[in-house]
Amino acid sequence: MRMHPARQTPFSARAGRILLLASALLLLLLLPCAALAAEESASFGQAREQMVRSQLERRGISDQTTLQAMRRVPRHNFVPESLAREAYADRPLPIGYGQTISQPYIVAYMTQVVAPGPGRRILEIGTGSGYQAAVLAATGAEVYSIEIIPELAESATERLRRLGFETVRVKAGDGYFGWAENAPFDAIVVTAAAEFIPPPLLDQLKDGGRMVIPVGTPFFVQTLMLVEKRGTEITTNSLMPVRFVPFRRAE
Ligand code: SAH
């Protein structure tokens, strides 16, 4: 029997209609998601601005370069996803492997002390999440960062690249020895508590350079120290009591 061609819907037309319907459905599903994402990033932006005002400016962080960098770096992308909503709170947060991302105020304080900016070469010991490195890089500084836990070095490298901080150079290793190939540094930021100042780091500091490092007994209150090098003279000053995770040594 012959069917009348006009009554039969050709396969391609039917498929086209299904495709159209599916895309419309997909769009309906995606639109609220996109709106939610936009709303979420706006609320993270508000939380960040609030953090800058109440935790930093009100407590005396006044260097505009530092404040701008703290405004620019999306801290919620540096903490585990389950803690994203707490990223802008006034405290450190766990980042896995028993390590922590420092409280925003401490990150800003250490940044302000070393006065980073374009053309400045900075070494960080203790990459962790990569947040402090990103803040330093957001000032225009050239940043080198060393992390002793290979998994953290790897995830921080990937995160920094994904968020557009691809100029930060990260390597896995024991930061005690610094990064001789790229020395000397205008500044060194150590984000783990050492019992003494590692001599190789002093050697790799430029004449006139500054190092900020928590010194003291692990698991107790330590002192954040400012170390300055002028010729052969080294001066140290206590800045404030802090609590950092221990500076470990490679076995
Ligand atoms: N600056 C980080 C927080 C660091 S927590 C951030 O912004 O997220 C301290 C980090 O120092 C930890 O990840 C720890 O593994 C690392 N660390 C400890 N001893 C180290 C060493 N000798 N060399 C390099 N990294 C070290």
Considering (1) more than 22 Å from the chain's Cα centre (by Cα); (2) touching a residue at least 60 places away in the same chain (Cβ under 8 Å); (3) within 14 Å of the ligand (Cβ to nearest atom), say which one residue 212 fails and leave the rest.
(1)
Is it the case that residue 144 is farther than 17 Å from residue 165 by Cβ and either surrounded by 19 or more Cβ atoms within 10 Å (Cβ to Cβ) or aromatic (Phe, Trp, Tyr) (or both)?
no
Taking the stretch 146-161 and keeping only residues that are more than 16 Å from residue 245 (Cα to Cα) and near the ligand (Cβ under 8 Å from one of its atoms), one is left with 156
Matching residues, the stretch 208-251, being polar (S, T, N, Q), assigned to a loop (DSSP other than H, G, I, E, B) and surrounded by 10 or more Cβ atoms within 10 Å (Cβ to Cβ)
217
In the set 151, 166, the lone residue that is on the phi < 0 side of the Ramachandran plot and outside any helix (DSSP H, G or I) is 166
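Would you call residue 67 crowded, with 16+ Cβ neighbours inside 10 Å, at negative phi, away from the ligand (no atom under 13 Å from the Cβ) and not in a loop (DSSP other than H, G, I, E, B)?
Yes; evaluated as a whole, the condition is true for this residue.
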Return a yes/no flag: does the stretch 196-205 have any residue that is touching a helix residue (DSSP H, G or I) at 6+ places or on another chain (Cβ under 7 Å) and either in a strand (DSSP E or B) or surrounded by fewer than 19 Cβ atoms within 10 Å (Cβ to Cβ) (or both).
yes
Determine which single condition residue 55 fails, assuming it passes every other condition in (1) polar (S, T, N, Q); (2) at pLDDT below 95; (3) touching a Phe, Trp or Tyr at 6+ places or on another chain (Cβ under 8 Å).
(2)
Which condition does residue 221 not pass, out of (1) over 20 Å from residue 177 (Cβ atoms); (2) modelled with pLDDT of 95 or more, if it passes all the others?
(2)
Of 198, 241, the only residue that is closer than 20 Å to residue 113 by Cα and under 23 Å from the mean Cα position of the chain (by Cα) is 241
Among the residues listed as 124, 147, 154, the single one being over 20 Å from residue 201 (Cβ atoms) and not polar (S, T, N, Q):
154
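Rundown of residues vs (1) assigned to a loop (DSSP other than H, G, I, E, B); (2) touching a residue at least 12 places away in the same chain (Cβ under 8 Å); (3) more than 22 Å from residue 179 (Cβ to Cβ), yes/no style:
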residue: 91; (1), (2), (3): yes, yes, yes
residue: 94; (1), (2), (3): no, yes, yes
residue: 100; (1), (2), (3): no, yes, yes
residue: 108; (1), (2), (3): no, yes, yes
residue: 119; (1), (2), (3): yes, yes, no
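Every residue, every condition in (1) in contact (Cβ under 8 Å) with a residue 60 or more places away in the chain; (2) over 24 Å from residue 48 (Cβ atoms); (3) touching a Lys or Arg at 6+ places or on another chain (Cβ under 9 Å), yes or no:
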position: 124; (1), (2), (3): yes, no, no
position: 129; (1), (2), (3): no, no, yes
position: 134; (1), (2), (3): yes, no, yes
position: 148; (1), (2), (3): yes, yes, yes
position: 171; (1), (2), (3): no, yes, no
position: 178; (1), (2), (3): no, yes, no
position: 194; (1), (2), (3): no, yes, no
position: 202; (1), (2), (3): no, yes, yes
Across (1) farther than 14 Å from residue 124 by Cα; (2) away from the ligand (no atom under 11 Å from the Cβ); (3) at pLDDT 95 or above, residue 188 clears everything bar (1)
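The values are calculated or read from the model by the stated rules, or taken from the named source; none is laboratory data. Owing to the predicted nature of the structure, the values given are computational and were not obtained by experimental measurement. Note that we place each Cβ from the backbone using ideal geometry, even for glycine, and neighbour counts take in every protein chain shown.
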